[in-house]
Amino acid sequence: MSVETQESVDLTPLRPVLTRLAPQGRSGLLPTLLEAQTHYGYIPPAVAAEIARSLGVPLADVHGMIEFYALLYNEPVGRTVLRVCTDPACALRGGERVLHAACALAGVEEGGTSADGAITVERSPCLGHCNSGVSVNVSFGRPVRNITFAHVTPETVGDLVDGRGRTTADFWSEDYVGGDLCILTPLCGRGRRTKLFEYEAVGGMQALRKVLSSMTPQQVIETMRRSELLGRGGAAFPTWAKWEGAAKAPGQPKYFVINADESEPGTFKDRVLLEGDPCRVLEGAIIGAYAIGAGRIYIYIRGEYPLAIERVEAALQELREAGYLGERILGSDFSIDVEVRSGAGAYICGEETALFESIEGKRGFPRVKPPFPTTHGLFGKPTAINNVETLAQTPYIINQGPDAFLRLGTADSAGPKLLCVSGDVVRPGLYEIGFGVTLRHLIENLAGGVVGGKLQALLIGGAAGTFATPAQLDTPITFQGLRAAGLTLGSGAIMVFNDKRDLRDILRRLARFFAHESCGKCYPCQLGTQRQYEILDRLAEGQPLPGDVIRLQDVGWTMTDASLCGLGQTAASAVLSAMKHWPDLFTNGSARHA
Amino acid sequence: MPEVTLTIDGRTVTAPEGTTILKAAEAIGIHIPTICYHEACTANAICRMCVVEVEKQRLLQPACVVQVREGMVVHTRSERVERSRRTILEMLDSAVDLSDAPEIQAQMAEYNVNHNRFPGAERRTPPVIDDNPMYVRDYAKCILCWRCVQVCAEDAQYTFALSFDGRGFRTQIGTFFDLPMPETTCVFCGQCVGVCPTGALKPRREWLLEQGKTPDEILQMSRTARRKSRRAQR
């Protein structure tokens, strides 16, 4: 290959990485690229070629991988990369000003690298620290370290370069965790990871012991069925049905996957769970793996959550040493282990089939469904895939029984629920509630009410969600109650906007998010997210064109009706709901809050 | 093969299990438009031009991959379907040079496409890549149907010279670190050129003729190129 002779790159640091990961073949591609990049700062062609050869992946496909994932680079970047979140929650706290300050510091435009090669500044999609923005994800040093900082201001963003100036503690995300219930989160929000022995001390791992000693897989699934637990990732699909489908599907091996690619703007519940109490989630996953007869668990954690990755790794080590993972765990016939996979900057990989593709070493393109993951999942094998919060519910259901779980919710929405409240409230944070309380209770009682003005709007369900008006505050938070009000719970993100905010600017940010995160596979989303962004951009600038309202509707409904996956199908959701509530926002000259 | 009976646009159809809606409709003379679909390629339901309305389904369904089922009621020209198809064509038209895509032009005429539907829209306009003697790549005309990538890989040639640069709207077909085609694994089988529906991939001679070169000039050019390469080898 001519590329290898064009430059001299020392491949020595790559050798041990390849020795360890090459036996995985193509499935080892993303971890290998991520590790290679910690040594080189980017992926030089010679390194990519060597990885391709060692893993048996076509050269073009390796390049396609690097091109797909936002955290991978195929050309040199600054020694420090500052990724500043400017999505709605951080934007309300001055994300744009922090971005400008970072650009001024480096003397570059957004996306550029300073002339001395010291700093690259990027605009980042939501980093999942919405309760403590402005957040900035920083890569620095050799080998490259990655840390997400919170509470960053225009004055302090410079302190993040090379990690110098201040300790990380100054920027640490102190997650506020509260609510009416304390079933999922008793050990979260304490600023540290709960160790296995602490979790055990309050009854942790008892559910797994109970399952392994006295329940058949079918009994576990039956218990889950009676609990009526619905998935907490956004789609609200019955958890038991996924488990039963995978358990009954022919084919071996089977896989259990924890979807921890939390990237929905405004959502940070999974991060809080994994950083604070990872053993609870992992216990739920081991129970699920037992129920479906899986031989391996993968946990795919968002690449921008380095602390969660680190803490899950530490928890896994403890679980292995204590005999909860490995061969014939706890003296049973069941053997299981967990492999951690890091994402690399792609919201779409939270879509279950795109996540599988990513683990398989491919670009995160969603697959056409059917077939569904229960029969044709990871590596084409029967797979159950669940959200982090869903699995955190499982130990309680097993320990206390489905009836106790049902009592925590309403007739159609069982159990506790985590809600991520951000934006213009007194106490942004993570709130654990029982289904059935009203939005008003959440905003006024738990989060302390609206700050900076009167309530203008709520965005429920993140970027893929829908807007609610102050008139809808008494809507009960249940799947059915929200649906009846034309709303959707989605991932459980609730962003609050006071009446001083220009919602057109918020809409532009949501549109930019989708345009940035569309994978580009199907036409409605690939083209529609871009066209939608262009229209909302000029609207936010106060320069809409005649016909933009109809244009937005045609683009929005085409994406909703005809896109291949959930990303495109919900990319216009917030926009269409805003058009319904506030039609005057979309017509010329209505600079309501500018 | 067991058969299923369904209704398409009010007409009863019987088709073998496993048949796609696209094929079942075709069998009774109902034409469903497609862009990315090609008989020789794996259908990936990318372009969504073939979406149809299936009763009791919340979303429109891509006819190229969705299989017929007993009792299914399909509408191939409902209002929702028409809006999606027209909008997809208008968005495509606003992004890509479709001047060499006669099939899509015919569809745009059929769906009354407004050619200025998205004023001020960003277009994809990368420069022409003329890096080998066999074919040129004009990705300003590329609609990302994936056919070339697929025939280069498991759908035909197992050459794996092509993948994708970027993502979303900024996706483009590319090679390893954008190397010129002769430095890739390309074997110049020409299958990608054969399946390209928009002239984004074109035999170099055809392209040179379009540029106004005469056959004699083209012959002269290739002789010169051969002499040069022989001299370089010596």
message = Could you check segment A:192-213 and list, in sequence order, the residues that are of a type in the set (Val, Ile, Thr), part of a loop (DSSP other than H, G, I, E, B) and surrounded by 15 or more Cβ atoms within 10 Å (Cβ to Cβ)?
response = A:194
remark   = Scanning segment A:320-351 residue by residue, those assigned to a loop (DSSP other than H, G, I, E, B) and touching a residue at least 12 places away in the same chain (Cβ under 8 Å) turn out to be A:322, A:324, A:325, A:332, A:334, A:335, A:337, A:343, A:344, A:345, A:346, A:351
From the options A:378, A:391, residue that is under 18 Å from residue A:217 (Cα atoms) and more than 14 Å from every other protein chain (Cβ to nearest Cβ) = A:391
request  = Give the residues of segment B:113-133 that are part of a loop (DSSP other than H, G, I, E, B) and away from chain A (no Cβ under 13 Å), sorted by residue number.
outcome  = B:115, B:125, B:126, B:127, B:128, B:130, B:131, B:132, B:133
ask   = Any chance segment A:492-501 includes a residue that's without any contact (Cβ under 8 Å) to a residue 12 or more places away in the chain, outside the structural domain of residue A:261 (by TED's automatic domain parsing) and within 26 Å of the chain's Cα centre (by Cα)?
value = no
key: Enumeration of residues in segment B:65-85 that are among the charged types (D, E, K, R) and either at the interface with chain A (Cβ under 8 Å from one of its Cβ atoms) or touching a residue at least 60 places away in the same chain (Cβ under 8 Å) (or both)   = B:69, B:70, B:77, B:80, B:83
key: In segment B:59-99, the residues that are more than 17 Å from residue A:558 (Cβ to Cβ) and either charged (D, E, K, R) or more than 15 Å from the chain's Cα centre (by Cα) (or both)   = B:65, B:66, B:67, B:68, B:69, B:70, B:71, B:72, B:73, B:74, B:97
remark   = Residue pairs within 8 Å by beta carbon, gap of at least six or interchain, first lying in segment A:531-556 and more than 10 Å from chain B (Cβ to nearest Cβ) and over 17 Å from residue B:87 (Cα atoms), second of a type outside the set (Lys, Arg) and not in a helix (DSSP H, G or I), listed first then second, are A:540/A:502; A:542/A:589; A:542/A:591; A:542/A:594; A:544/A:587; A:544/A:588
inquiry  = Residues to consider are A:390, A:374; find the one that is among the hydroxyl-bearing types (Ser, Thr, Tyr), assigned to a helix (DSSP H, G or I) and under 27 Å from residue A:250 (Cβ atoms).
reply    = A:390
inquiry  = What's the number of the only condition in (1) buried (at least 24 other Cβ atoms within 10 Å of the Cβ); (2) among the polar types (S, T, N, Q); (3) free of Cβ contacts under 8 Å to residues at least 24 places away in the same chain that residue A:386 fails to meet?
reply    = (3)
message = Looking at segment A:340-354, can you tell me whether even one residue there is at positive phi, under 19 Å from the mean Cα position of the chain (by Cα) and either buried (at least 17 other Cβ atoms within 10 Å of the Cβ) or acidic (Asp, Glu) (or both)?
response = yes
key: Criterion (over 21 Å from residue A:337 (Cα atoms) and surrounded by fewer than 16 Cβ atoms within 10 Å (Cβ to Cβ)) met by exactly one of A:219, A:252   = A:219
inquiry  = If I filter segment A:107-121 down to residues being among the hydrophobic types (A, V, I, L, M, F, W, C) and surrounded by fewer than 24 Cβ atoms within 10 Å (Cβ to Cβ), which single residue comes out as nearest to residue A:138 (Cα to Cα)?
reply    = A:118
inquiry  = Looking at segment A:413-435, can you tell me whether even one residue there is free of Cβ contacts under 8 Å to residues at least 60 places away in the same chain, farther than 26 Å from residue A:339 by Cα, part of a loop (DSSP other than H, G, I, E, B) and not assigned by TED's automatic domain parsing to the domain that holds residue A:90?
reply    = yes
inquiry  = Name the residue that is surrounded by the most Cβ atoms within 10 Å (Cβ to Cβ), counting only residues in segment B:53-64 that are at the interface with another protein chain (Cβ under 10 Å from one of its Cβ atoms) and among the hydrophobic types (A, V, I, L, M, F, W, C).
reply    = B:60
ask   = Would it be correct to say that residue B:151 is β-branched (Val, Ile, Thr) and in a strand (DSSP E or B)?
value = no
inquiry  = Among the residues of segment B:103-114, are any closer than 19 Å to residue A:550 by Cα, out of contact with any Leu (no Cβ under 6 Å at 6 or more places or on another chain) and either free of Cβ contacts under 8 Å to residues at least 24 places away in the same chain or not aromatic (Phe, Trp, Tyr) (or both)?
reply    = yes
Residue that is surrounded by the fewest Cβ atoms within 10 Å (Cβ to Cβ), among those in segment A:275-319 that are of a type in the set (Lys, Arg) and part of a helix (DSSP H, G or I) = A:311
remark   = Among residues of segment B:2-40 being hydrophobic (A, V, I, L, M, F, W, C) and within 14 Å of chain A (Cβ to nearest Cβ), the residue nearest to residue B:105 (Cα to Cα) is B:35
task = For residue A:162, work out the one condition from (1) modelled with pLDDT under 90; (2) buried (at least 23 other Cβ atoms within 10 Å of the Cβ) it doesn't fulfil.
result = (2)
remark   = Within segment B:158-173, the residues that are surrounded by fewer than 21 Cβ atoms within 10 Å (Cβ to Cβ) and more than 7 Å from chain A (Cβ to nearest Cβ) are B:158, B:159, B:170, B:172
remark   = If we keep only residues of segment A:469-493 that are among the aliphatic types (A, V, I, L, M) and closer than 16 Å to residue A:570 by Cβ, then the residue surrounded by the most Cβ atoms within 10 Å (Cβ to Cβ) is A:493
request  = Please give the helices (runs of 4 or more DSSP H) falling wholly within segment A:55-123 in which 3 or more residues are within 13 Å of another protein chain (Cβ to nearest Cβ) and closer than 23 Å to residue A:519 by Cβ.
outcome  = A:59-68
request  = Name the residue, out of A:511, A:515, A:574, A:578, that is facing chain B (nearest Cβ under 10 Å) and in a helix (DSSP H, G or I).
outcome  = A:515
note = Selection from segment B:15-45 of residues among the β-branched types (Val, Ile, Thr), surrounded by 18 or more Cβ atoms within 10 Å (Cβ to Cβ) and in contact with a strand residue (DSSP E or B) (Cβ under 9 Å, 6 or more places away or on another chain) yields B:19, B:20, B:21, B:30, B:32
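The values are calculated or read from the model by the stated rules, or taken from the named source; none is laboratory data. Quick caveat: nothing in here was measured; it's all calculated off a predicted structure. Every residue, glycine as well, gets a Cβ built from its backbone with ideal geometry; the counts of neighbours run over all protein chains shown.
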